[in-house]
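Chemist: Quick one: the structure is below, and I'll ask about it shortly.
The values are calculated or read from the model by the stated rules, or taken from the named source; none is laboratory data. Everything numeric in this text was worked out from a predicted model, so none of it was measured. Heads up, the Cβs are rebuilt from the backbone with ideal geometry, glycines too, and the neighbour counts pull from every protein chain shown. Accessible surface is based on the protein model in full, side chains and every heavy atom, while ligands, DNA and RNA are left aside. Shrake-Rupley method; radii C 1.70, N 1.55, O 1.52, S 1.80 Å.
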Amino acid sequence: MYRIDDTPPAWDERTQLTTFLDYARDTARAKCDGVSPENARTSLLPGSPLMTVSGLVNHLRWVEYYWFQVVFLGEEDRGPWTDDDPDREMRVAVDFPLPQLLDEYAEQSSRYRELVAGTALDERARRTVRDGLHVDLRWILLHLTEETARHNGHLDILREMLDGTTGD
């Protein structure tokens with residue numbers, strides 16, 4: 001079941017932040033409803049050949065992995081990207097069925113939801129980002145909401161171009 005609105009059940013900061021991220025995640029999943037296996041792998045934009053429905057879903061999954069596990073927790077980066085292929089998560093996505101990618105994204109989101117629930121929003125990431133900054137969990141939640149919402153717009157465009165489906 002998807003969140004159908006972005007209204008939080010409570011008005012504290014954590015609930016508002018996590019509600020918006022969950023709403024953006026669920027919106028991405030909802031935009032994939034009914035996408036055929038062929039359409040999930042179809043690239044329509046000559047200037048962005050990696051932008052497929054599957055590629056975007058896999059990108060969202062791996063972006064969350066990077067920010068929560070690599071940056072925030074300081075774990076070793078085991079993402080699919082390489083120096084030679086920094087967008088590999090989008091390229092390899094077409095090798096997997098979209099339902100599998102969506103299930104992996106949902107499972108991972110559930111684990112990160114638990115991480116966020118048990119961690120202070122002011123806690124700083126173990127690794128630095130640009131300019132040597134240690135962002136806090138709050139910033140990561142905001143960043144992931146922005147990233148997911150931006151890619152939801154891409155999913156909207158792809159769906160309309162692929163099969164005429166439009167949505168909110």
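Chemist: Name the residue farthest towards the positive end of the dipole of region 25-168 from the options VAL35, TRP139, LEU158, assuming +1 on Cβ of Lys and Arg, -1 on Cβ of Asp and Glu, about the Cα centre.
Modeler: Going by the charge dipole, the pick is TRP139.
Chemist: Can I ask one more? What shape does region 9-96 take by its C-alpha gyration tensor, where a ≥ b ≥ c are the square roots of the eigenvalues and a/c under 1.5 counts as rounded, a/b above b/c as prolate, and the rest as oblate? Each step should come with its number before you reach the end.
Modeler: On the way: a/c = 2.80, a/b = 1.27, b/c = 2.20.
Oblate is the answer for region 9-96, as a/c is 1.5 or above yet b/c matches or exceeds a/b.
Chemist: Oh, and also: Expressed as a whole percentage, what fraction of the accessible surface of region 1-124 belongs to carbon and sulfur atoms when a 1.4 Å probe is rolled over the protein heavy atoms? Before the final figure, lay out each step's value.
Modeler: Values: 3380 of 6530 Å².
Exposed carbon and sulfur together represent 52 percent of the surface.
Chemist: Moving to a separate point now. Measuring with a 1.4 Å probe in the full set of protein chains, what accessible area per residue, in whole Å², belongs to the chain?
Modeler: 54 Å²
Chemist: What's the local net charge at TRP81, with K and R +1, D and E -1, over the other residues with C-beta under 12 Å away? All intermediate terms of the calculation are to be shown ahead of the outcome.
Modeler: Values: positive: ARG78, ARG88, ARG91; negative: ASP77, ASP83, ASP84, ASP85, ASP87, GLU89.
Cβ neighbours under 12 Å give a net charge of -3.
Chemist: Which value, in Å² rounded to 10, gives the accessible area of LEU142 with a 1.4 Å probe and all protein chains present?
Modeler: 90 Å²
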